[in-house]
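Below is one structure; the comments refer to it alone.
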Ligand SMILES: [Zn+2]
């Protein structure tokens with residue numbers, strides 16, 4: 001609903017917490033977290049060979065790789081970086097990637113439904129573990145601009161919220177320990193290392209957020225990826241430019257956005273490099289507001305094998321970019337050591 005675009009986040013969230021309203025077709029029951037967690041933990045111990053893990057988007061693939069390290073399980077990503085993960089349809093060749101998987105980890109909350117279908121059709125023995133669905137109760141789902149309640153899918157971008165990511169890695173650790181209990185100590189050691197990075201990033205972002213003047217803590221982004229980030233660090237998501245169809249907004253909608261940018265006094269408009277759009281430049285030009293088009297939704301920095309090719313560096317980059325553009329002090333973020341000290345041995349299809 002275009003008319004709901006400029007509702008404040010708190011209003012949208014309040015509308016969103018009622019679970020399955022009769023006037024909407026929610027694709028998920030409000031207690032989906034309970035069943036999702038049970039499914040993740042239904043894995044059975046594997047002996048005599050290394051467990052085979054499959055993942056979807058790169059930030060999650062990296063988090064799994066951090067917990068697994070060099071302890072044996074293989075980790076294969078399905079979604080190439082730089083593609084639109086919301087509309088990604090796995091190619092036929094992906095069937096071979098999932099067919100002998102033991103666990104297919106996905107973000108869930110409706111992000112990767114075609115990949116889940118692929119796994120159901122081709123990986124008879126795989127447990128499909130929906131991390132985001134498992135860790136976030138239905139009363140905490142956020143519906144908003146690009147993820148309206150009537151679409152039935154809550155905003156899935158939990159990985160922009162470090163405490164939620166901590167819950168992801170807790171669950172990943174629990175799953176791999178159940179699969180491969182002989183390496184429990186090793187998984188716990190890796191889990192501690194990535195947990196240190198998550199804790200440091202959260203503390204630094206909390207500090208950095210306080211340095212952004214309160215009136216400037218307003219986010220207008222092209223892609224609506226920061227709902228859970230905003231809740232954690234007391235920002236207000238005032239809108240998203242990308243419609244829920246993932247198409248470009250109409251000229252009328254752009255004109256409305258320009259009016260809103262002027263009246264709200266936003267300091268910067270943020271684009272995402274996965275979704276290049278001339279609309280952002282137009283809004284910047286016509287309002288005089290800075291536009292920054294380098295945020296990265298789920299596309300890690302660098303290339304596989306590079307030290308910065310990690311969830312942690314992705315968050316450090318995005319958080320720093322936003323705080324700097326909104327007039328805050330990024331020194332706490334710059335001081336975070338994002339290197340967990342674990343080698344990412346995952347395979348990333350590019
Ligand atoms: Zn996204």
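Given axes a ≥ b ≥ c from the Cα gyration tensor, I'd like to know whether segment 212-334 is rounded (a/c under 1.5), prolate (a/b larger than b/c) or oblate.
Here segment 212-334 falls in the oblate category.
Please identify, among 338, 206, 133, the residue showing maximal mean-square fluctuation in a Gaussian network model of the chain using a 10 angstrom Cα cutoff.
Per the Cα network of the chain with a 10 Å cutoff, 206 tops the list.
Taking the beta-carbon count within 10 Å as an exposure proxy, list 128, 60 from fewest neighbours to most.
128, 60
Report the extension gain between residue 215 and residue 345 in nm, rounded to one decimal, defined as 0.36 nm multiplied by the number of residues separating them, less their alpha carbon distance. Display every interim value, and only then the final one.
Numbers: separation 130, 0.36 × 130 = 46.80 nm, distance 4.29 nm.
Roughly 42.5 nm would be gained on extension.
What does the C-alpha gyration tensor say about the overall shape of the chain? Classify as rounded when a/c is under 1.5, otherwise prolate if a/b is larger than b/c, or oblate.
Prolate is the answer for the chain, as a/c is 1.5 or above and a/b outweighs b/c.
Report, to the nearest 10°, how far helix 162-179 tilts away from the longest principal axis of the Cα atoms in the chain, using its own Cα long axis and a range of 0 to 90°.
Result, in degrees: 10.
What shape does segment 288-333 take by its C-alpha gyration tensor, where a ≥ b ≥ c are the square roots of the eigenvalues and a/c under 1.5 counts as rounded, a/b above b/c as prolate, and the rest as oblate?
Oblate, since a/c reaches 1.5 and b/c is not below a/b.
Listing 75, 54 from the residue with the fewest other Cβ atoms within 10 Å to the one with the most, what is the order? Mind dumping the intermediate values first?
On the way: 75 25, 54 29.
Ordered by Cβ neighbours within 10 Å, fewest first: 75, 54.
Expressed as a rounded percentage, what relative contact order does the chain have, with Cα pairs under 8 Å and six or more residues apart?
Contact order relative to length: 23 percent.
In whole angstrom, note down how far apart the Cα centers of segment 30-57 and segment 212-290 are.
If we compute the Cα centre of each part, the gap is 37 Å.
Could you work out the helix-only [θ] at 222 nm for the chain, with each DSSP H run of four or more residues adding -39,500 (n - 2.57) and the total divided by the number of residues, to the nearest 500 deg cm²/dmol?
-12500 deg cm²/dmol
Neighbouring Cβ atoms within 10 Å as the yardstick, rank 141, 159 fewest first. Numbers along the way, then the final one.
Details: 141 28, 159 25.
Sorted ascending by nearby Cβ count, the order is 159, 141.
Can you tell me the 0 to 90 degree angle between the C-alpha axis of helix 184-210 and the longest principal axis of the chain, rounded to 10?
For 184-210 against the chain, the angle is about 10 degrees.
Using alpha carbon centroids, what distance separates segment 336-350 and segment 67-104, in Å?
Going from one Cα centre to the other spans 16 Å.
So what is the relative contact order for segment 212-334, in percent, with contacts set as C-alpha pairs under 8 Å and at least six apart?
Averaging sequence separation for qualifying contacts and normalising by length gives 24 percent for segment 212-334.
What angle do you read, to the nearest 10 degrees and between 0 and 90, between the alpha-carbon axis of helix 58-68 and the longest principal axis of the chain?
The angle comes out at about 40 degrees.
Only the coordinates and a few stated rules stand behind these numbers; no lab work does. All values reported here derive from a predicted model rather than from experimental measurement. Glycine gets a Cβ as well: all are built from the backbone with ideal geometry, and neighbour counts include every protein chain shown.
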